[in-house]
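Okay, so here's the structure we're looking at.
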Amino acid sequence: MTAAPLFSDVARGPEGGFALWAKAPDGVRIRLGLWPSKGAKGTVFLLPGRTEYIEKYGMAAADLGRAGYSVISIDFRGQGLSDRAVADPMTGHVTDFAEYQRDVEAMLDCAQRHDLPQPYYLLSHSMGGCIALRTLMGKHPFKAAVFSAPMWGLLMSIWMRPVAGVVTAVSSLFGLSHLYAPGTGASSYVIDAQFIGNVLTTDPDMWRYMKVQAEAHPELRLGGPSMAWGRAAMLETNALALMPSPALPAYTALGTAEKVVDPMPIHARMALWSGSTLDLYTGAEHEIMMEGPAARARFMDAVAALFAAHS
């Protein structure tokens, strides 16, 4: 592993953070971010959502560091500074969600190489929540898991579901699966959208935090998903929906104004997950960790309490 850039100027993470290049088992170059803590309560594996990158969670890492936890995060393949698979770098592209599990393997290897303190915990957002759930379905070292608006279902109208399946399948047959999914393109949401009417946060300060990062470091930006990503996401969420929840404690935070992922599979799974809690944040949008101070404090208090109870 060799040193990689970490844009601490916009991350606002805890002191002592650094980034590394790592190779996933299939050779894809992945960027990892580490924020070791002076405390020794354990290590939080922070799995971001689609379009996201390590720096976006600098403030969350600072909160976790103050609670005594080290943090390791990641640019998943196809986003941030990690390798991008297609010629248009703004396209979010994988052909199978199993590829993301190789990235998680790289995280685990890095944590062990750098002797990050155990126990290990999972904290994930959106697409990262889908990846985290799959990780937990197999052999893993984690003691507890926290999900923020997990992508356990894609938000689309009932009539669009069969259409989307047909379109993405046909695109694969004709070698077009690398193209943007219908209705998406190369634009970066936080760059092009306005605060009023955005679907991520109700807090103007956190909106500026995200926008400043994307403006200062355009190489971190990502546009819409490819048709292959869309098909892979549908297949993965459908497969996970048929599987029972793993046997470990979990906490899920969901805003009542959620407009990015489908809330129904979240409610369905959490209702049957033994030892779990679903916490609804009234009026909050998609990104609980990017909401106002009260919501962020409530979320981090719940995270720290869950992890402390399962040390």
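The values are calculated or read from the model by the stated rules, or taken from the named source; none is laboratory data. Please read all numbers here as calculations on a predicted model, not as lab measurements. Reconstructed Cβ throughout: ideal geometry from the backbone, glycine too, with neighbour counts over all protein chains shown.
Suppose the filter is among the hydrophobic types (A, V, I, L, M, F, W, C) and within 22 Å of Val71 (Cβ to Cβ); does Leu248 pass it? Reasoning before the result, please.
Details: among the hydrophobic types (A, V, I, L, M, F, W, C): yes; within 22 Å of Val71 (Cβ to Cβ): yes.
Criteria met by Leu248.
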Quiz item: Could you give every pair whose Cβ atoms fall below 6 Å, whose first residue belongs to the stretch 279-305 and is farther than 11 Å from Gly255 by Cβ, and whose second residue is in a loop (DSSP other than H, G, I, E, B) and not charged (D, E, K, R), counting only separations of at least 6 or pairs across chains?
Solution: Ala304/Ala67
Self-check item: Count of residues meeting criterion [of a type in the set (A, V, I, L, M, F, W, C), crowded, with 24+ Cβ neighbours inside 10 Å and in contact (Cβ under 8 Å) with a residue 40 or more places away in the chain] in the stretch 20-46
Solution: 5
Quiz item: Of the residues Ala247, Ala239, which single one is aliphatic (A, V, I, L, M), in a helix (DSSP H, G or I) and surrounded by fewer than 16 Cβ atoms within 10 Å (Cβ to Cβ)?
Solution: Ala239
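Return yes when Pro89 is at negative phi and either out of contact with any Gly (no Cβ under 6 Å at 6 or more places or on another chain) or surrounded by fewer than 22 Cβ atoms within 10 Å (Cβ to Cβ) (or both) and no when it is not. Lay out the reasoning, then the answer.
On the way: at negative phi: yes; either out of contact with any Gly (no Cβ under 6 Å at 6 or more places or on another chain) or surrounded by fewer than 22 Cβ atoms within 10 Å (Cβ to Cβ) (or both): yes.
It is true that Pro89 is at negative phi and either out of contact with any Gly (no Cβ under 6 Å at 6 or more places or on another chain) or surrounded by fewer than 22 Cβ atoms within 10 Å (Cβ to Cβ) (or both).
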Quiz item: Among the residues of the stretch 210-226, how many are surrounded by fewer than 20 Cβ atoms within 10 Å (Cβ to Cβ) and of a type outside the set (Gly, Ala, Ser)?
Solution: 6
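Within the group Gln194, Gln213, which residue is part of a loop (DSSP other than H, G, I, E, B) and either of a type outside the set (Asp, Glu) or without any contact (Cβ under 8 Å) to a residue 12 or more places away in the chain (or both)?
Gln194
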Quiz item: Pick from the stretch 47-86 the residues that are within 12 Å of Ile30 (Cβ to Cβ) and touching a Ser or Thr at 6+ places or on another chain (Cβ under 7 Å): which of them is surrounded by the most Cβ atoms within 10 Å (Cβ to Cβ)?
Solution: Ile54
Quiz item: Within the stretch 5-15, is there a residue that is within 22 Å of Val303 (Cα to Cα), β-branched (Val, Ile, Thr) and in contact (Cβ under 8 Å) with a residue 24 or more places away in the chain?
Solution: no
Quiz prompt | Filter result (in contact with an Asp or Glu (Cβ under 6 Å, 6 or more places away or on another chain), part of a loop (DSSP other than H, G, I, E, B) and surrounded by 16 or more Cβ atoms within 10 Å (Cβ to Cβ)) within the stretch 252-285 | solution = Ala284
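Search the stretch 81-119 for residues being touching a helix residue (DSSP H, G or I) at 6+ places or on another chain (Cβ under 7 Å) and not β-branched (Val, Ile, Thr), and hand back the single one that is nearest to Phe142 (Cα to Cα). Before you say what the answer is, go through the steps one by one.
Let us first name the residues in the stretch 81-119 that are touching a helix residue (DSSP H, G or I) at 6+ places or on another chain (Cβ under 7 Å), namely 81, 92-97, 100-101, 104.
Those left that are additionally not β-branched (Val, Ile, Thr): 81, 92-93, 96-97, 100-101.
Numbers: Leu81: 26, Gly92: 28, His93: 28, Asp96: 24, Phe97: 20, Tyr100: 17, Gln101: 15 Å.
Residue satisfying both the conditions and the ranking: Gln101.
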Quiz item: Quick check: anything in the stretch 227-234 closer than 29 Å to Leu179 by Cβ and surrounded by fewer than 20 Cβ atoms within 10 Å (Cβ to Cβ)?
Solution: yes
Quiz item: From the set of residues in the stretch 2-11 that are loosely packed, with under 14 Cβ neighbours inside 10 Å and not small (Gly, Ala, Ser), which is farthest from Gly58 (Cα to Cα)?
Solution: Thr2
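Got a sec? Which strands (runs of 3 or more DSSP E) wholly within the stretch 1-100 have at least 3 residues that are under 21 Å from Val146 (Cβ atoms) and modelled with pLDDT of 95 or more? Spell out the reasoning first.
On the way: elements: 2-4, 18-23, 29-35, 43-47, 70-75.
So the answer is 29-35, 43-47, 70-75.
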Quiz item: Would you say Thr184 is modelled with pLDDT of 95 or more, under 29 Å from Arg31 (Cα atoms) and surrounded by 15 or more Cβ atoms within 10 Å (Cβ to Cβ)?
Solution: no
Self-check item: Cβ pairs under 7 Å, 6+ apart, first in the stretch 128-143 and hydroxyl-bearing (Ser, Thr, Tyr), second surrounded by fewer than 24 Cβ atoms within 10 Å (Cβ to Cβ) and at pLDDT 95 or above
Solution: Thr135/Gln101; Thr135/Val104
Exercise. Assess whether Ser226 counts as being over 24 Å from Val44 (Cβ atoms) and hydroxyl-bearing (Ser, Thr, Tyr).
Key: yes
